[in-house]
1. Go through region 22-89 and tell me which helices (runs of 4 or more DSSP H), entirely inside it, have 1 or more residues that are of a type in the set (Lys, Arg).
2. Among the listed residues Lys154, Lys202, identify the single one that is modelled with pLDDT under 95 and either open to solvent by 30 Å² or more (accessible area, probe 1.4 Å) or of a type in the set (Lys, Arg) (or both).
3. Show the residue pairs that are 6+ apart or on different chains and have beta-carbon atoms under 8 Å apart, the first residue being within region 26-44 and within 15 Å of Met128 (Cβ to Cβ), the second being open to solvent by 70 Å² or more (accessible area, probe 1.4 Å) and in a helix (DSSP H, G or I).
4. What are the residue pairs meeting all of these: first residue in region 129-142, first residue closer than 16 Å to His174 by Cβ and free of Cβ contacts under 8 Å to residues at least 60 places away in the same chain, second residue outside any helix (DSSP H, G or I) and of a type in the set (Val, Ile, Thr), Cβ atoms under 6 Å, and 6 or more apart or on different chains?
Amino acid sequence: MKKELSTFFFYKDIQILLIILFVNFLYVWVNFQWEHLLFIVIGMVIFIISEYGTHRFLFHLKPPKNVFLFKLLHRLHYAHHEKPSDLKLLFLPLWYSIPNLCLLSSFCFLITKSFNMTLYFSFGLIFMLLIYEWKHFVAHRSIKPVTLFGRKLKKRHLLHHFKNENYWFGVSTHVMDIVFHTDKEEKEVEVSKTAKQLASSKKGP
């Protein structure tokens with residue numbers, strides 16, 4: 001377990017995200033007001049919704065004919081299904097995750113017109129991104145989650161990879177799978193021939 005923790009926390013991209021979170025935390029801590037706590041929670045919820053939507057509707061798009069878009073999706077997700085244990089493909093690249101965090105935070109600023117609210121919101125986003133990365137890391141490494149919830153999450157994600165890629169999209173939580181009926185019992189779902197080859201043409205559930 002110590003080795004796995006070291007692998008996670010000393011991975012360059014994770015360290016950069018932790019630094020960003022820490023800097024954000026310092027501002028949140030110094031300027032903390034209880035009523036702003038709501039924006040941290042909203043940021044976390046928005047990330048969960050975005051995580052599910054991105055995973056299901058972007059990362060699992062039918063392979064585009066455009067070469068650039070295909071290479072983009074291949075790096076972001078297709079290759080991860082082909083080599084699920086490859087550490088370099090396990091984490092979201094910073095060139096994707098940071099612009100997305102900035103985009104979502106910009107929407108918050110446009111709505112609230114408040115720099116403070118936006119920083120609280122972004123703290124929730126970054127915190128959940130790190131939770132996502134950790135849960136994803138655990139799912140693909142030889143780590144046995146301590147909690148029943150964690151064990152169920154890991155099982156669902158492995159089913160997504162090795163049984164049928166059209167179900168079990170949630171990584172940090174399966175709430176959105178329940179909402180959109182993509183959280184099925186294992187025995188109810190047929191084995192997919194393209195779970196490891198997203199670059200092959202396929203139809204959704």
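1. 37-57, 67-73
2. On the way: Lys154 fails: modelled with pLDDT under 95.
Just one listed residue meets the conditions, Lys202.
3. Ile40/Phe127; Gly43/Phe127; Met44/Phe127
4. Lys135/Val171; His136/Val171
The values are calculated or read from the model by the stated rules, or taken from the named source; none is laboratory data. Note that the structure is predicted; figures quoted are calculated from it, not measured. Don't worry about glycine lacking a Cβ; one is built from the backbone with ideal geometry, like all the others, and counts go over all protein chains shown. Keep in mind that these areas ignore ligands, DNA and RNA; they rest on the heavy atoms of the full protein, side chains included. Shrake-Rupley method; radii C 1.70, N 1.55, O 1.52, S 1.80 Å.
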